[in-house]
1. Out of Leu61, Leu15, Leu114, Leu123, I need the residue that is at pLDDT 80 or above, closer than 28 Å to Thr3 by Cβ, touching a helix residue (DSSP H, G or I) at 6+ places or on another chain (Cβ under 8 Å) and among the aliphatic types (A, V, I, L, M). Which one?
2. Of the conditions (1) at pLDDT below 85; (2) charged (D, E, K, R); (3) assigned to a helix (DSSP H, G or I), Arg46 clears all except one; give me its number.
3. Residues being among the hydrophobic types (A, V, I, L, M, F, W, C) and within 26 Å of Leu12 (Cβ to Cβ): count how many of those fall in the range 52-88.
4. Take the conditions in the same structural domain as Gln100 (by TED's automatic domain parsing), of a type in the set (Val, Ile, Thr) and at negative phi and apply them to Thr77. Does it pass?
5. Quickly run through the range 17-55 and pick out the residues that are polar (S, T, N, Q) and in contact with a Cys (Cβ under 7 Å, 6 or more places away or on another chain).
6. Restricting attention to the range 1-60, report how many residues are in contact with a Lys or Arg (Cβ under 7 Å, 6 or more places away or on another chain) and among the aromatic types (Phe, Trp, Tyr).
Amino acid sequence: WKTAPFMALLCLAGLQMVPRDIYEAARIDGIHPVRVFYKVTLPLIRPALMVAVIFRMLDALRIFDLVYVLTPNSKATKTMSVISRENLFEFNHFAYGSAQSTLLFAILAIFVSLYIWLGKVDLSGEGR
C-alpha cells in the first residue's frame, strides 16, 4: 500500500505517452472503446506497466521494515529479509545470513530477468 502512489504515477506517465491521434483515428474508424483499450492503449503502456510490476515485486520480496517494526518477534510473519538479519546480527551466523541475502538477490534477479524476457519489453526505447 505504501508504494501505490508511485505505481499510479508510473501508470499515469505511461498513459500520457500515448499519442492522442491514435484515439482520434480509432474513433473515426468506429472501433469500440474497449477494443481500443486492449489493442492500442495497453500495448503502448506495457513498458510502464512492466516497470511498475517489477518495482512492486521487488518491494514485496525484500520487505523488511514494516514486518520488523509491526511484528518484531512473531514467527508467523518472518520474511527472508528478517531471517537474514536475525542470522547476521542476533545469532551471529554470518555465513547463513550472507548466504540467505545472496539467495534473496539471486531469486530477485531471476524473477526480474524472466519477467523482462517473457514480457519481451524493449526498455531501450528503440523498436524491435
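The values are calculated or read from the model by the stated rules, or taken from the named source; none is laboratory data. Remember, it's a predicted structure, so these values are computed and weren't measured experimentally. Don't worry about glycine lacking a Cβ; one is built from the backbone with ideal geometry, like all the others, and counts go over all protein chains shown.
1. Working: Leu61 fails: at pLDDT 80 or above; Leu114 fails: touching a helix residue (DSSP H, G or I) at 6+ places or on another chain (Cβ under 8 Å); Leu123 fails: at pLDDT 80 or above.
So the residue among Leu61, Leu15, Leu114, Leu123 that is at pLDDT 80 or above, closer than 28 Å to Thr3 by Cβ, touching a helix residue (DSSP H, G or I) at 6+ places or on another chain (Cβ under 8 Å) and among the aliphatic types (A, V, I, L, M) is Leu15.
2. (1)
3. Applying the first criterion (among the hydrophobic types (A, V, I, L, M, F, W, C)) to the range 52-88 yields 52-55, 57-58, 60-61, 63-64, 66-67, 69-70, 76, 80, 82-83, 88.
In the following step, the residues that additionally are within 26 Å of Leu12 (Cβ to Cβ) were identified as 52-55, 57-58, 60-61, 63, 66.
Looking only at that region, the number is 10.
4. Numbers: in the same structural domain as Gln100 (by TED's automatic domain parsing): yes; of a type in the set (Val, Ile, Thr): yes; at negative phi: yes.
Taking the combined requirement at face value, the residue satisfies it.
5. So in the range 17-55, the residues polar (S, T, N, Q) come out as 41.
Within the range 17-55, no residue meets the criteria.
6. Of the range 1-60, the ones in contact with a Lys or Arg (Cβ under 7 Å, 6 or more places away or on another chain) are 3, 7.
Imposing the further condition that a residue be among the aromatic types (Phe, Trp, Tyr) reduces the set to none.
Going through the range 1-60 one residue at a time, the tally reaches 0.
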